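To start, the structure itself, in structure tokens.
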Amino acid sequence: DPIPPVVSAAVDAGVDLLITHHPLIFKAPKTIDFATPLGQIIQHSARHGLSIYSAHTNLDIVSDGINDILAARIDLTDLVPLEDPPPGAGKGEGLGRVGNLAMPTTLMSLARRIKESMGLTTLRCCGKPDLPVRRAAVCSGSGASLMGAFFASGADVYISGDMKYHDARDVESAGLGLIDMGHFASEHLVVDVLTRRLKAAVEAKSMPVAVEACSLESDPFIAV
């Protein structure tokens, strides 16, 4: 996220380009008021020559993007998009992913493994703890809009973030599983991967560019 501490740190370090996942502007404002948080970030960036580039939906849908990275962390194989790709998209592209677990397990065992491997303090789980899980669907970020695609996918469990109460009830009624690992955790894992890829790309072209991951960001929600 291009939040004030991240932008300020980039300016202080003399960074020319800040690459984020979430855009600074989701909806085009009619005015830019420097007294607002958004206006202050824009003003601060402009005054110090900091450009901000955000790879959002394109990084979600692209092959080998966030959803493929998330699926790989959960050990899913034979991946296909959870939702059909938009017109003009390349092979393997689309929102979310559906795949087979390398080793079948139960819902609770999978939830515990995800919590441990992702370094989470907590996550939310819905469904019978001993539900057999062989096939899983994932969607980075907020996955509530793809609930219909999940039910039609043949997956036993849906792994995403920002899930709603009534989504959980629908999953429960369908005899399936739901794991809400949180919006932040399901997307932030791309930072280190993207950093490595960009470093490799600039080194391959012998470009005098330094690429560094920002370590200042954390989940805005705190489990109490």
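For Ala137, the requirement of being within 23 Å of Thr77 (Cα to Cα), over 20 Å from the mean Cα position of the chain (by Cα) and not in a loop (DSSP other than H, G, I, E, B) is not met. Meeting the requirement of 2 or more residues that are open to solvent by less than 30 Å² (accessible area, probe 1.4 Å) and under 20 Å from Gly127 (Cβ atoms), the helices (runs of 4 or more DSSP H) wholly within the stretch 159-224 are 165-173, 183-188. Of all the listed residues (Asp16, Asp68, Asp60, Asp12), the sole one being at negative phi, touching a residue at least 24 places away in the same chain (Cβ under 8 Å) and more than 15 Å from the chain's Cα centre (by Cα) is Asp16. With respect to the conditions (1) open to solvent by less than 50 Å² (accessible area, probe 1.4 Å); (2) over 22 Å from Phe150 (Cβ atoms); (3) touching a residue at least 40 places away in the same chain (Cβ under 8 Å), Leu107 lacks only one, and its number is (2).
The values are calculated or read from the model by the stated rules, or taken from the named source; none is laboratory data. In this text, all values refer to a predicted model and were calculated from it rather than measured experimentally. Neighbour counts are summed over all protein chains in view; Cβ atoms, including those assigned to glycine, are modelled from backbone coordinates with ideal geometry. Heavy atoms of the whole protein, side chains included, go into the accessibility calculation; ligands, DNA and RNA do not. Shrake-Rupley method; radii C 1.70, N 1.55, O 1.52, S 1.80 Å.
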